[in-house]
Every structure is written in C-alpha cells, then in structure tokens.
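Trainee: The following block contains the structure, expressed as structure tokens.
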Amino acid sequence: MPNQILHHHPVPLILHASQDTRQAGKLATALTSAGFRVVRTHTEHDTLEVAQRQRPHAIVLDVDVAPPGYGLCRTLRAVSLGTPIVLTCDRQPTHDAGIEALRAGAWGLRGTPIDTQEFALRLAAYMEPKLELDRLSEECLVDRVSGLYNHLGVTRRADELAALATRHGLALACMVFRPADERASRATTDLLAHTFRSVGRASDAVGRTGRAEFAVFAPASNSWAAGRLVHRLIDRASGYGKGISMRSGYSASSPAQKISSLTLLTRARSALEAPGSP
C-alpha cells in the first residue's frame, strides 16, 4: 500500500480537482485509506489558489474543470514545477489525447471510472521521487545534527528577510554568537546548536554559519532591540547549555536603509571580534 511505500516521508497531500462529486468522493476515500491527505476543488480559480497556497505533493485534475483542452494543466505545471499531475476524463483517452496531455505537462491521462486501488498505488510511485528530492533539498539547507539552517539555508532565508524589510520599510538585525573558548569541542558546539533551536523565535532566521558560529537574523529589530535579544539569547542559552559562555556581536539596519544580509553579517562579525565585545 502507498502508506508503506511512503513511510519515510510526511503524509502527502493530494489536490483533486473535479466536478464529478460521486467519483471524487470514491477516489478521496481510497486515497485517504491509502495514507494520503486529500483536498478537493471544483473550479479553475480554486484549483490554482490551493495549488499555490498549500503546495500539494501531487495533483489529480479532471480535464472538465476548465475545458476545452489542457490550459489549466499547463498553468499548474508552471506554478507547481516538479509536482506530479495526473489528468482524468470521462471517456477512454485516445492515443493523440494522451500525447497532448504529456505535452501539457501531465504525467498521464486516465479515463473514468478509475480503479481506485490501482490508482493509489500508481500515484505513490509517481510521488516517491518528488518526495525524495524534496527531502534532499531540505537537507541541503538544514544542519542535520541540530535542525537549524546551515550556512546556505540561513543565507537564503536572510536574503528573503532583507528583501522583505526593504519592501516594507522595516529594520533588520543580525546577531552572531561563538563559544568564548575557541577550542570548544564538537560536542559543545552541537549542544549550543540544539540550544539555539530551542530558544530562537519563530520569526527569526537562526542558522549555523560555521562549526562554532551561529547567526540570528531578526526582522523589525533595530540596534536597541538587537542588544536586548543578544542578552536574552545568551542568558537562556547559557542555562540550556549548562553554563557554556559565549561571545557575540550584532548589527542592524534602519527602517529607511536598504542593506544586504551579507553586509549585516560582516558587520556583526566585526563587532564580535572587536576588543571588549560581550
């Protein structure tokens, strides 16, 4: 069954777009029993909205939702790159129709009624490569030991926060932390990594930017707020980290200032290395 095939991944979400409520109900029941989550839509507008907002792992699209042709399939392929799309129709598809569906970006075209058990198994087979690629992509941005962003991940997220701050006229702060003992062991830095994950705010980008360096990017935070955050994080991390002492430095942009996340990180590192830094 699919839930056995996909047991290494989160429960996959299937978007099923169809105006045939009877067939949609049967398929939803089969997919749910097989270990999938299912969200149903009936119109072109709702299908596009759900595809963009919820980012399903696979899409089952009845061609009659937006006739004629496969225009909706092409649009979904553009906004859901890499997501398996399976088309269905209320007749047995011809060879030419199947070829046209493939050209539109579908993984296949199937006529109804559908053998729901077989379909669920095939859908799991379609999705397995995408789920594995998603997992590898996430791992490339996350430190596997602590679950924090790695250097690549925190850089990407910090760039997003910098763009958001510029767009909305917000301040952005960057804080850098290192153990006071430059010879700190890997076990010590791993403990600090777990600590930062425990005490970091959901709105911040918290990452491991080196073996023994951690960076926090905090949106809507000026220099005063950054200083307070540094002391709060050090106090809490020291408690969680069994008294491990740390050094820190921070930098912040003003709301009217356009600044890159790399510049903020460089300035925070300079502040950390300055004599008398906390």
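Trainee: Given the structure, is D62 crowded, with 18+ Cβ neighbours inside 10 Å and of a type in the set (D, E)?
Mentor: Working: crowded, with 18+ Cβ neighbours inside 10 Å: yes; of a type in the set (D, E): yes.
The answer is yes for D62.
Trainee: Now for a separate question. In this structure, does Y240 turn out to be at pLDDT 85 or above and assigned by TED's automatic domain parsing to the domain that holds L172?
Mentor: Numbers: at pLDDT 85 or above: no; assigned by TED's automatic domain parsing to the domain that holds L172: yes.
In short, no.
Trainee: Before we move on, is S223 surrounded by fewer than 22 Cβ atoms within 10 Å (Cβ to Cβ), more than 18 Å from V142 (Cα to Cα) and either in contact with a helix residue (DSSP H, G or I) (Cβ under 6 Å, 6 or more places away or on another chain) or without any contact (Cβ under 8 Å) to a residue 24 or more places away in the chain (or both)? It would help to see each step written out before you state the result.
Mentor: Working: surrounded by fewer than 22 Cβ atoms within 10 Å (Cβ to Cβ): yes; more than 18 Å from V142 (Cα to Cα): yes; either in contact with a helix residue (DSSP H, G or I) (Cβ under 6 Å, 6 or more places away or on another chain) or without any contact (Cβ under 8 Å) to a residue 24 or more places away in the chain (or both): no.
Taking the combined requirement at face value, the residue does not satisfy it.
Trainee: I would also like to ask the following. Check off (1) of a type in the set (D, E); (2) modelled with pLDDT of 90 or more; (3) within 30 Å of G210 (Cβ to Cβ) for E100 and give me the number that stays unchecked.
Mentor: Here E100 clears every test but (3).
Residues are listed down the side, and each one gets a yes or a no for (1) buried (at least 20 other Cβ atoms within 10 Å of the Cβ); (2) hydrophobic (A, V, I, L, M, F, W, C); (3) closer than 25 Å to P56 by Cα; (4) in contact (Cβ under 8 Å) with a residue 12 or more places away in the chain:
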{"site": "L76", "(1), (2), (3), (4)": "yes, yes, yes, yes"}
{"site": "Q92", "(1), (2), (3), (4)": "no, no, no, yes"}
{"site": "G111", "(1), (2), (3), (4)": "no, no, yes, yes"}
{"site": "E128", "(1), (2), (3), (4)": "no, no, yes, yes"}
{"site": "S146", "(1), (2), (3), (4)": "yes, no, no, yes"}
{"site": "H151", "(1), (2), (3), (4)": "no, no, no, yes"}
{"site": "L164", "(1), (2), (3), (4)": "no, yes, no, yes"}
{"site": "A171", "(1), (2), (3), (4)": "yes, yes, no, yes"}
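Trainee: Step by step: first the residues of segment 59-82, then only those that are among the aliphatic types (A, V, I, L, M) and at pLDDT 90 or above, then the one that is nearest to L27 (Cα to Cα). Which residue is that?
Mentor: Residues of segment 59-82 that are among the aliphatic types (A, V, I, L, M), as a first pass: 59-61, 63, 65-66, 72, 76, 78-79, 81.
Still in the running and at pLDDT 90 or above: 59-61, 63, 65, 72.
On the way: I59: 13, V60: 10, L61: 12, V63: 16, V65: 16, L72: 21 Å.
Checking each candidate, the answer is V60.
Trainee: Would you be able to say whether some residue in segment 38-55 is basic (K, R) and either under 18 Å from Q19 (Cβ atoms) or buried (at least 20 other Cβ atoms within 10 Å of the Cβ) (or both)?
Mentor: First, pick out the residues of segment 38-55 that are basic (K, R): 40, 53, 55.
Filter again for either under 18 Å from Q19 (Cβ atoms) or buried (at least 20 other Cβ atoms within 10 Å of the Cβ) (or both), leaving 40.
Checked segment 38-55: at least one residue is basic (K, R) and either under 18 Å from Q19 (Cβ atoms) or buried (at least 20 other Cβ atoms within 10 Å of the Cβ) (or both).
Trainee: A follow-up question, please. Of everything in segment 180-214 that's in a loop (DSSP other than H, G, I, E, B) and of a type in the set (D, E), which residue is surrounded by the most Cβ atoms within 10 Å (Cβ to Cβ)? Give the steps one after another, and end with the answer.
Mentor: The first filter runs over segment 180-214 and keeps only residues in a loop (DSSP other than H, G, I, E, B), leaving 180-185, 200-204, 211-212.
Add one more test, that the residue is of a type in the set (D, E), and what stays is 181-182, 204.
Working: D181: 13, E182: 8, D204: 21.
Among residues in segment 180-214 that are in a loop (DSSP other than H, G, I, E, B) and of a type in the set (D, E), the one surrounded by the most Cβ atoms within 10 Å (Cβ to Cβ) is D204.
Trainee: With E160, E118 as the choices, which residue is in the same structural domain as H42 (by TED's automatic domain parsing), part of a helix (DSSP H, G or I) and surrounded by fewer than 18 Cβ atoms within 10 Å (Cβ to Cβ)?
Mentor: E118
The values are calculated or read from the model by the stated rules, or taken from the named source; none is laboratory data. Keep in mind it's a predicted model, so treat the numbers as computed, not measured. Here the Cβ is made from the backbone with ideal geometry for all residues, glycine too, and neighbour counts use every protein chain on show.
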